[in-house]
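**Q** Once you've had a glance at the structure underneath, I'll fire off some questions.
The values are calculated or read from the model by the stated rules, or taken from the named source; none is laboratory data. Values in this document were obtained by computation on a predicted structure and should not be read as measured data. Positions of Cβ are generated from backbone atoms using ideal geometry, with glycine treated the same way; all protein chains shown enter the neighbour counts.
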Amino acid sequence: MMLGIQLLGVNAQNGQKLLLSLGVIGAVLLVRYIIVWIVRLVTGEQPNERVVFWTRQAASLITGVLGVLLLISIWFDDPTRLTTAAGLIGAGLAFALQKVVTAFAGYLVILRGKTFTVGDRITMGGVRGDVISLGFLQTRIMEMGEPPSAQSDGSPIWVRARQHTGRIVSVTNDKVFDEPIYNYTREFPYMWEEMKVPISYQTDRHLAEHILLDCAREVTDEVVKQAGPAGKAFEKRYFVNMGEFDPRVFIRITDNWIEMNLRVLVPIHGVRYYMDELARLVMERFDHAGIGIASGTYAIVEFPKVKVELEQPREQTHARPRA
């Protein structure tokens with residue numbers, strides 16, 4: 001009642017429900033904060049970020065569901081009213097919040113399907129990078145560059161290698177239903193890279209192959225040893241033959257040169273550094289052995305004879321005037 005006018009829905013009982021609702025929301029947030037604080041306290045001064053991340057996700061889900069149930073029990077003491085309200089709310093959400101509902105469903109799929117987690121290197125929605133946070137509706141990714149051959153025409157990136165660009169990109173979780181999600185680190189945090197080295201047909205190809213393999217073993221020997229147990233675990237779990245991890249040279253014959261493709265195994269984090277070290281070592285050994293890298297340059301050794309004909313000007317004749 002205000003100035004003698006009865007306001008719709010404003011009474012002592014609703015006021016008590018409102019205060020109780022605010023108290024419930026505060027208590028739920030406090031419980032979530034206490035859970036995260038206890039986890040950080042248990043993990044020590046340098047907490048495991050993945051443990052803290054998943055604890056936050058679980059605490060958010062549990063406290064969110066608990067809060068909704070408590071609020072429903074406060075405001076809807078009559079089951080018939082609850083059913084009617086739920087139907088109206090559901091119809092409104094289905095029509096007006098389709099993208100939001102789909103994004104939240106994508107969040108549940110990501111958690112349940114173990115698609116990726118914080119710290120994984122993925123490609124999602126056309127964005128490649130490291131996952132730094134996962135929310136109910138969006139995933140935040142620290143963007144990475146790509147080689148020119150892997151870049152799309154729609155979104156070119158100025159960093160032409162697998163290193164961070166400095167941009168943080170937010171991608172909605174509904175992309176899991178529309179596009180494939182590439183995960184580079186979840187099960188097997190290594191990848192095969194190839195270096196193409198063209199040499200002329202006059203070059204000693206056996207010596208060139210020997211140098212390439214020696215350089216590759218020198219750079220990636222520790223990587224191959226570390227990848228062995230991870231590869232065996234992967235094969236045992238998925239019944240997939242991973243093949244050999246040792247460096248290998250594949251040869252392809254072209255019209256201009258012999259193309260030698262050096263295939264090596266490198267860790268996902270630090271691909272550019274390994275390939276840079278390998279390229280420098282190969283060039284040094286090639287220079288020492290007198291082996292040159294073929295290129296598409298051409299030399300003109302002879303010009304054809306050119307015959308030039310000059311047209312003589314015609315003599316002009318003048319008519320004699322009549323007397």
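**Q** Taking only pairs six or more apart or across chains, which ones have beta-carbon atoms under 8 Å, a first residue in the range 15-34 that is closer than 20 Å to residue 62 by Cα and assigned by TED's automatic domain parsing to the domain that holds residue 62, and a second residue that is among the hydroxyl-bearing types (Ser, Thr, Tyr) and assigned to a helix (DSSP H, G or I)?
**A** If the second residue must be among the hydroxyl-bearing types (Ser, Thr, Tyr) and assigned to a helix (DSSP H, G or I), the pairs left are 28/63; 29/63; 31/63; 32/60; 32/63.
**Q** Between a residue in the range 218-244 that is aromatic (Phe, Trp, Tyr) and any residue that is not in a helix (DSSP H, G or I), which pairs come within a Cβ distance under 7 Å, given they are 6 or more apart or on different chains?
**A** Pairs found: 234/187; 234/188; 234/240; 234/242.
**Q** Can you name the residue in the range 34-53 that is surrounded by 11 or more Cβ atoms within 10 Å (Cβ to Cβ) and not in a helix (DSSP H, G or I) and is also modelled with the lowest pLDDT among such residues?
**A** 47
**Q** Within the range 121-139, count every residue that is of a type in the set (A, V, I, L, M) and not in a strand (DSSP E or B).
**A** 1
**Q** Now, a different point. Scan the range 165-192 for residues that are buried (at least 17 other Cβ atoms within 10 Å of the Cβ), touching a helix residue (DSSP H, G or I) at 6+ places or on another chain (Cβ under 9 Å) and closer than 18 Å to residue 264 by Cα and jot them down.
**A** Result: 188, 190.
**Q** Which one is surrounded by the fewest Cβ atoms within 10 Å (Cβ to Cβ), of the residues in the range 222-247 that are part of a loop (DSSP other than H, G, I, E, B) and not polar (S, T, N, Q)?
**A** Per the stated criteria, the residue is 239.
**Q** I would also like to ask the following. Check residue 292 against each of (1) modelled with pLDDT of 90 or more; (2) part of a loop (DSSP other than H, G, I, E, B); (3) in contact with a strand residue (DSSP E or B) (Cβ under 7 Å, 6 or more places away or on another chain) and name the one condition it does not meet.
**A** (3)
**Q** With respect to residue 281, is the statement that it is touching a strand residue (DSSP E or B) at 6+ places or on another chain (Cβ under 7 Å) and either touching a residue at least 40 places away in the same chain (Cβ under 8 Å) or over 15 Å from residue 228 (Cα atoms) (or both) true?
**A** It is false that residue 281 is touching a strand residue (DSSP E or B) at 6+ places or on another chain (Cβ under 7 Å) and either touching a residue at least 40 places away in the same chain (Cβ under 8 Å) or over 15 Å from residue 228 (Cα atoms) (or both).
**Q** Same structure again: Pick from the range 178-196 the residues that are of a type outside the set (A, V, I, L, M) and not in a loop (DSSP other than H, G, I, E, B): which of them is farthest from the chain's Cα centre (by Cα)?
**A** 196
**Q** So residue 252 fits all but one of (1) modelled with pLDDT of 90 or more; (2) surrounded by 12 or more Cβ atoms within 10 Å (Cβ to Cβ); (3) not hydroxyl-bearing (Ser, Thr, Tyr); what number is the exception?
**A** The failed condition is (2).
**Q** Just to be sure, is residue 282 of a type outside the set (Gly, Ala, Ser) and at pLDDT 95 or above?
**A** Yes: the conditions hold for residue 282.
**Q** Quick one: is residue 63 buried (at least 16 other Cβ atoms within 10 Å of the Cβ), part of a helix (DSSP H, G or I) and either modelled with pLDDT of 80 or more or not assigned by TED's automatic domain parsing to the domain that holds residue 167 (or both)?
**A** yes
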